[in-house]
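K.L.:
Dropping the structure in here first, questions after.
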Amino acid sequence: MQPWSFVHVTDIHIGSPRSFRFNPGYNENWLIARAQIVELAPDLLLVGGDVARDGNIHTYELEAVREDLGGLPFPYHVVPGNMDTGNKHIYRPSFRTDRDDRALNITSAQLRHFEAVFGSSSWSFVHKQVRFSGFCDMILGSGLPEEEPLWRWLEAQAELAAAEPSQYHVWMMHSAAFIERPDEPDWDPGQADTYHDWYFAPDLAVRRRLMEIFRASGADLVLSGHVHCRKRHLAGGIQFDISPSTAFPQWGHRWPDGDDTLGFVRYTVTDAGLEYDFVPLARTSDTKGYGPSGHPLPHLRDYSIADETGGDPQAG
Ligand SMILES: [Fe+2]
């Protein structure tokens, strides 16, 4: 095989001055990453979700990202992140008072908005003997009408990959597949010290079923984002890679070998395997923005401070 490469970039969080919050630095960081990726000339780009700052409430942010990605000189493939479509569903009380976790659950309407812009959130294709499969993991465990069809699709991919084996199979989801190990018990969102472990990965019932699908599908690599900290796990012969954000770092303290340096990952495909190269941003912006971070309650979204008008979805 002639070596070739693909890039995984995630949590680019491109925002808009029409919004109640905007950090131009995130957008500048994306442009820096974008130029570096173009320079590397990969065959294709995988975008691991959280493409926008608030894509779940501002469709215009998703549309701007689509326009940007569409200008790249190679194809891109994207899965939604929780800031694009809503979070994994919560079934137990959260300890957080600064956010309403139940109100952040993924909804069918938000998923439809994303898919209206980017097309189906479940896709699989083969490029030069590598199968790439992506899906919206936040649907799993949600009980939404989209959940059972997604499980059936995932199981069908496992059958398809087994029937038509490729040299490698790369999966992409937004959440981390797990935090420490695939069979770890559920983390408790009701406790301060386990809230983020709960937040960043699926619960055990979903995870077990996913792991079986990955194994049956001959998975070699499972790509994730969401955490904004780079971390690699090898489990059951499958490489699980969480890639960093280009926008802002998070959770750098969670693993002794975690690295929250901003950047992206290039994989070079050879007969010997998938070579891993972390590419840090050539420089990072320190431009400051406005508005609250995290998941502000709706009444704290003040569009009157927007740099440009017209962002308030309530204002029509
Ligand atoms: Fe993110």
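The values are calculated or read from the model by the stated rules, or taken from the named source; none is laboratory data. For clarity, every value in this text was computed on a predicted model and none was experimentally measured. Cβ coordinates were reconstructed from backbone atoms using ideal geometry, including for glycine residues, and neighbour counts include every protein chain displayed.
K.L.:
For LEU40, are the conditions met, namely being out of contact with any helix residue (DSSP H, G or I) (no Cβ under 9 Å at 6 or more places or on another chain) and not small (Gly, Ala, Ser)?
P.N.:
Here the answer is yes, as LEU40 does meet what is asked.
K.L.:
Given the conditions (1) away from the ligand (no atom under 16 Å from the Cβ); (2) surrounded by 17 or more Cβ atoms within 10 Å (Cβ to Cβ), report the number of the one that TRP251 does not fulfil.
P.N.:
Result: TRP251 fails condition (1) only.
K.L.:
Going by the structure shown, is TRP153 among the aromatic types (Phe, Trp, Tyr), away from the ligand (no atom under 16 Å from the Cβ) and outside any helix (DSSP H, G or I)?
P.N.:
No, not satisfied.
K.L.:
Suppose we keep only residues that are closer than 12 Å to LEU62 by Cβ and within 16 Å of the ligand (Cβ to nearest atom) within segment 74-120. Which one would you say is surrounded by the fewest Cβ atoms within 10 Å (Cβ to Cβ)?
P.N.:
GLN110
K.L.:
Restricting attention to segment 262-284, and to residues there that are within 14 Å of ILE32 (Cα to Cα) and assigned to a loop (DSSP other than H, G, I, E, B), which single residue is nearest to the ligand (Cβ to nearest atom)?
P.N.:
LEU262
K.L.:
Within segment 249-270, can one find any residue that is within 24 Å of GLU159 (Cα to Cα) and either of a type in the set (A, V, I, L, M) or in contact with a Ser or Thr (Cβ under 9 Å, 6 or more places away or on another chain) (or both)?
P.N.:
Yes, segment 249-270 contains a residue that is within 24 Å of GLU159 (Cα to Cα) and either of a type in the set (A, V, I, L, M) or in contact with a Ser or Thr (Cβ under 9 Å, 6 or more places away or on another chain) (or both).
K.L.:
Identify the residue in segment 91-148 that is basic (Lys, Arg) and part of a loop (DSSP other than H, G, I, E, B) and, among all such residues, is modelled with the highest pLDDT.
P.N.:
It comes out as LYS128.
K.L.:
Within segment 23-33, can you find the residues that are more than 16 Å from the ligand (Cβ to nearest atom) and either crowded, with 24+ Cβ neighbours inside 10 Å or closer than 14 Å to TYR290 by Cα (or both)?
P.N.:
Across segment 23-33, the qualifying residue is only PRO24.
K.L.:
How many residues are in a loop (DSSP other than H, G, I, E, B) and crowded, with 19+ Cβ neighbours inside 10 Å when one looks only at segment 183-202?
P.N.:
Qualifying residue count, segment 183-202: 4.
K.L.:
Is at least one residue of segment 112-129 of a type in the set (A, V, I, L, M) and touching a His at 6+ places or on another chain (Cβ under 9 Å)?
P.N.:
no
K.L.:
For a quick check of your reading of the model, give me the residue pairs whose first member lies in segment 205-217 and is of a type in the set (Ser, Thr, Tyr), whose second is outside any helix (DSSP H, G or I), with beta-carbon atoms closer than 8 Å and at least 6 apart or on different chains.
P.N.:
Going by the 8 Å Cβ cut-off, the qualifying pairs are SER217/SER133; SER217/HIS169; SER217/TRP171.
K.L.:
Please enumerate the residues belonging to segment 38-58 that are more than 20 Å from TRP123 (Cβ to Cβ) and either more than 16 Å from the ligand (Cβ to nearest atom) or among the charged types (D, E, K, R) (or both).
P.N.:
Correct list: VAL38, GLU39, LEU40, ALA41, ARG53, ASP54.
K.L.:
Select, from PHE200, PHE178, the only residue that is touching a Ser or Thr at 6+ places or on another chain (Cβ under 7 Å), hydrophobic (A, V, I, L, M, F, W, C) and under 30 Å from PRO280 (Cβ atoms).
P.N.:
Testing whether each residue is touching a Ser or Thr at 6+ places or on another chain (Cβ under 7 Å), hydrophobic (A, V, I, L, M, F, W, C) and under 30 Å from PRO280 (Cβ atoms) leaves just PHE200.
K.L.:
Is segment 234-244 home to any residue that is farther than 26 Å from GLU147 by Cα and within 16 Å of the ligand (Cβ to nearest atom)?
P.N.:
Yes, some residue in segment 234-244 is farther than 26 Å from GLU147 by Cα and within 16 Å of the ligand (Cβ to nearest atom).
K.L.:
Does ARG131 qualify as being out of contact with any Phe, Trp or Tyr (no Cβ under 6 Å at 6 or more places or on another chain), charged (D, E, K, R), over 26 Å from TRP255 (Cβ atoms) and crowded, with 21+ Cβ neighbours inside 10 Å?
P.N.:
Considered against the rule, which asks whether it is out of contact with any Phe, Trp or Tyr (no Cβ under 6 Å at 6 or more places or on another chain), charged (D, E, K, R), over 26 Å from TRP255 (Cβ atoms) and crowded, with 21+ Cβ neighbours inside 10 Å, ARG131 comes out as yes.
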